[in-house]
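Down below is the structure, laid out as structure tokens.
Each value in this text was obtained by applying a stated rule to the coordinates, not by laboratory testing. Here the structure is a predicted model, which means the values were calculated and not measured. Cβ placement follows ideal geometry from the backbone for every residue including glycine, while neighbour counts extend to all protein chains displayed.
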Amino acid sequence: MQQILEMLKLQQALNDSTNGVEWEKGVTKNGKLIDWKRCIYMESAELIDSFAWKHWKAINQEPDWENIKIEAVDIWHFVLSLLLQEYKLHNRGSIEALSEHIVSQPGYSAFSKLDYRPEADAYEIIMMVERMMFDVLKSEGFDLDALINDFFTMALHCGVNLQKLYMLYIGKNILNRFRQDHGYKEGSYIKVWNGSEDNVVMLSLMAANPAFGAEELYAALSGVYQEL
């Protein structure tokens with residue numbers, strides 16, 4: 001549960017910093033409306049596109065599994081945000097209570113195993129993603145538990161278990177903070193670094209330095225960005 005709790009706390013801190021306190025009410029400090037459900041299904045569409053599903057284009061292209069994993073982590077950021085919002089608005093309990101609720105879900109048991117990935121073809125996984133999207137799009141009877149379990153099932157089939165999610169989430173959380181500190185919201189941030197997206201650079205830095213902590217990764221990103 002500690003890893004889930006840490007991710008929830010990091011997401012809360014990122015949202016507080018980026019959107020302002022009381023973002024749970026659905027409006028940022030700049031007056032922009034927040035729709036975490038839309039965020040989830042838009043990122044889900046990006047994940048689906050990484051499967052090269054189109055029958056009329058690049059029909060022999062293999063799925064981009066590395067990007068699929070990154071997109072799954074991006075979805076998780078927004079799932080966490082939606083869960084935090086729901087718990088706050090409906091007085092469901094503390095952030096610790098939310099983490100306990102997440103790990104109590106039936107899908108968590110398989111998701112938390114090491115080196116376990118069920119077999120499924122690309123189209124089966126796409127259907128899992130779409131089922132999660134449908135859960136989010138329901139106008140009535142929105143079920144948080146269904147969303148949590150559908151995410152765990154989908155992510156696991158994409159090669160993302162708890163340990164992988166935690167590692168990638170920490171990296172992406174730091175990258176998101178770095179983006180916000182360097183003009184992402186204003187539109188001045190440079191996302192492609194010497195021909196590679198910042199996501200790819202972040203993963204390369206983490207792979208080369210597995211002992212990196214959060215601040216060390218931030219400093220490494222700063223070093224690369226300053227040389228652009």
Checking rank on 56-64, 9-17, with mean other Cβ inside 10 Å and highest first, the result is 9-17, 56-64
Please compute the modelled spin-label separation between W65 and E119, points set 7 Å along Cα→Cβ, answer in nm with one decimal. 1.4 nm
Estimated inter-spin distance, L33 and H182, nm [label 7 Å along Cα→Cβ]: 3.3 nm
Which whole-Hz couplings ³J(HN,Hα) result when phi for each residue of the range 16-26 is put into the Karplus expression 6.51 cos²θ - 1.76 cosθ + 1.60, θ = phi - 60°, listed in order with x for Gly and Pro? 4, 6, 7, 9, x, 4, 6, 4, 4, 6, x
Would you calculate, for the chain, the mean residue ellipticity at 222 nm contributed by helices, counting each DSSP H stretch of 4 or more residues as -39,500 (n - 2.57) and dividing by all residues, to the nearest 500? -20500 deg cm²/dmol
In terms of the charge dipole of the range 19-84, which places +1 on Lys and Arg and -1 on Asp and Glu at the beta carbon, the residue among A45, N30, N19 farthest towards the positive end is N30
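What percent does the relative contact order of the range 1-78 come to when contacts are Cα pairs within less than 8 Å and at least six residues apart? Working shown, then result.
Working: 52 pairs, mean separation 17.7, N = 78.
Answer for the range 1-78 is 23 percent.
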Which far-off residues, 5 or more places away or on another chain, put their amide H under 5 Å from the one on S196, with H placed in the peptide plane? none
Magnitude of the charge dipole, the range 2-168, Cβ model with Lys/Arg +1 and Asp/Glu -1, debye to 20: 360 debye
Straight-line reach from K29: which lysines fall under 29 Å, measuring Cα to Cα and dropping same-chain residues less than 8 apart? K9, K37, K88, K138, K172, K185, K191
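Provide the gained length on full extension for the span L137 to A214, in nm with one decimal, where the gain is 0.36 nm per separating residue minus the Cα-Cα distance. Walk me through the numbers before you get to the answer.
Numbers: separation 77, 0.36 × 77 = 27.72 nm, distance 3.42 nm.
Going from the current span to full extension adds 24.3 nm.
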Karplus-derived HN-Hα couplings along the range 64-70 (A = 6.51, B = -1.76, C = 1.60, θ = phi - 60°), whole Hz, x at Gly and Pro: 8, 4, 5, 6, 4, 5, 5
Give me, ordered by chain and number, the residues 5 or more places off G20 or on other chains with an amide H under 5 Å from its own placed amide H. K29
So for the pair A13, S104, with labels modelled 7 Å out along Cα→Cβ, what separation do we get in nm? 2.7 nm
Starting from the amide H of R92, placed 1.01 Å from N in the peptide plane, find each other amide H under 5 Å away whose residue is 5 or more places distant or on another chain. none
Take the Cα radius of gyration of the chain and divide it by 2.2 N^0.38 Å, with N its residue count; two decimals is plenty. 1.02
